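Scroll down for the structure; my scribbles are underneath it.
The values are calculated or read from the model by the stated rules, or taken from the named source; none is laboratory data. Bear in mind the structure is a predicted one, so any value in this text is a computation, not a measurement. Ideal geometry is used to build each Cβ from the backbone, glycine not excepted, and the neighbour counts take in all protein chains shown. Note: accessible area is taken over every heavy atom of the protein model, side chains too, but ligands, DNA and RNA are not part of it. Shrake-Rupley method; radii C 1.70, N 1.55, O 1.52, S 1.80 Å.
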Amino acid sequence: MIEGILWSIFAGLMLGLYALPEKFTKEFEFENTWGLFFMINTFIIPNIAVFFMVDNFGDIIASLPTKVIVGMGIASFLWGIGVMMWGKAINYIGLSLGFSIFIGTIILVGSLIPFMIDGIPDDHVFLTIMLGIGIVLIGVMSNGRAGILKQQTSDEATSALKSDSMLTGIMIAVIGGLLATGFNYANTVGGEIIRNACVANGNPEWVSAIVVMYIIYIAGGISIATYFGYQLTAKGLWSNFVTTQFARNSLLTTLMGIFNFSASALFAFAAFKLGKNGGTVGYAIFNTVSVGVAIIGGLITKEWVAAPTNAKRSLYVGISCMVIGISVIAFGNSLI
């Protein structure tokens with residue numbers, strides 16, 4: 001169990017850091033940077049990974065039941081739509097509130113999905129894990145409040161938060177979070193079957209995490225590519241790719257893709273190592289740590305230096321709740 005928790009934490013660290021190179025791209029708009037990142041992340045890196053690390057990949061895929069492939073594909077496609085909706089929600093209600101609602105929905109609903117599929121554990125285990133998830137959610141919401149208080153020092157953010165589109169933004173964030181839980185559904189449905197297929201074709205068990213993420217990322221990438229293709233065309237941004245900074249930006253977005261894909265694959269491996277409740281425990285730890293790392297990164301880069309005292313207090317409460325919540329979740333899993 002300890003190994004699974006450590007892998008979940010490491011995966012969360014990587015997910016929390018993956019977007020850092022985006023700060024150093026040049027002469028790209030948001031759509032250029034993230035469109036290129038998602039193309040590399042969902043189509044190129046998964047294919048490179050299975051080519052070099054998975055033996056008999058074609059046989060593995062061919063051996064999977066059609067209903068598993070279809071179920072994973074649909075859930076992953078919806079995950080891609082959910083990620084895009086999160087980006088849209090930020091335009092309505094700001095980064096902090098959008099992030100807290102989106103991630104809060106993912107942690108709550110996504111962590112329950114494995115229970116719906118594999119069954120609910122004994123009461124004392126289930127209630128302890130749910131208590132931990134509840135504490136984490138309090139922390140996420142406290143972080144969101146901190147972000148809102150911090151943003152109130154900006155006229156632009158204040159205007160966004162007071163606009164008539166607040167309800168619309170919240171609804172988009174919640175629906176996007178619900179759709180994004182397709183990621184954990186696909187991992188839960190396909191994990192064991194794909195693991196058996198990988199072992200049967202001469203691969204070690206950990207390779208199954210790469211195959212699971214291959215299916216999720218390729219299917220999710222279809223919806224994501226459709227969105228960014230439309231955005232780049234509608235805003236006339238395709239010409240921005242013709243720049244002397246293209247090689248630099250490609251390298252940076254490739255690093256983002258490697259971190260992101262690796263984080264997801266490590267989560268799948270951690271969920272396996274955590275045992276029966278791995279999908280719930282690992283998913284909660286994975287997402288919670290990623291949020292914590294992003295927040296700590298903001299503290300290190302002095303983004304909160306000028307924030308009001310009440311914002312910092314709310315932030316520290318949020319981080320503390322997230323750490324306590326993870327500890328309770330881990331303890332709950334140890335009761336099995």
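Which of the residues belonging to segment 12-25 are over 10 Å from Phe259 (Cβ atoms) and either part of a helix (DSSP H, G or I) or of a type in the set (Asp, Glu) (or both)? Reasoning before the result, please.
Step one: list which residues in segment 12-25 are over 10 Å from Phe259 (Cβ atoms), which gives 12, 22-25.
Matches in segment 12-25: Gly12, Glu22, Lys23, Phe24.
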(request) Check Ala234, Ala200 and return the single one that is closer than 30 Å to Thr33 by Cα and over 17 Å from the mean Cα position of the chain (by Cα). (result) Ala234
(request) Mind telling me which of the residues Gly82, Gly4, Gly12 ends up being in contact with a Lys or Arg (Cβ under 8 Å, 6 or more places away or on another chain), open to solvent by less than 60 Å² (accessible area, probe 1.4 Å) and touching a residue at least 60 places away in the same chain (Cβ under 8 Å)? (result) Gly4
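Might you let me know whether segment 31-52 holds any residue that is closer than 23 Å to Ile113 by Cα and either open to solvent by 70 Å² or more (accessible area, probe 1.4 Å) or in a helix (DSSP H, G or I) (or both)? Step through it out loud before you land on a result.
Of segment 31-52, the ones closer than 23 Å to Ile113 by Cα are none.
No; the residues of segment 31-52 include none that is closer than 23 Å to Ile113 by Cα and either open to solvent by 70 Å² or more (accessible area, probe 1.4 Å) or in a helix (DSSP H, G or I) (or both).
Given the residues Phe28, Phe77, which is the only one that is part of a loop (DSSP other than H, G, I, E, B), out of contact with any His (no Cβ under 7 Å at 6 or more places or on another chain) and surrounded by 19 or more Cβ atoms within 10 Å (Cβ to Cβ)?
Details: Phe77 fails: part of a loop (DSSP other than H, G, I, E, B).
That would be Phe28, the only listed residue that is part of a loop (DSSP other than H, G, I, E, B), out of contact with any His (no Cβ under 7 Å at 6 or more places or on another chain) and surrounded by 19 or more Cβ atoms within 10 Å (Cβ to Cβ).
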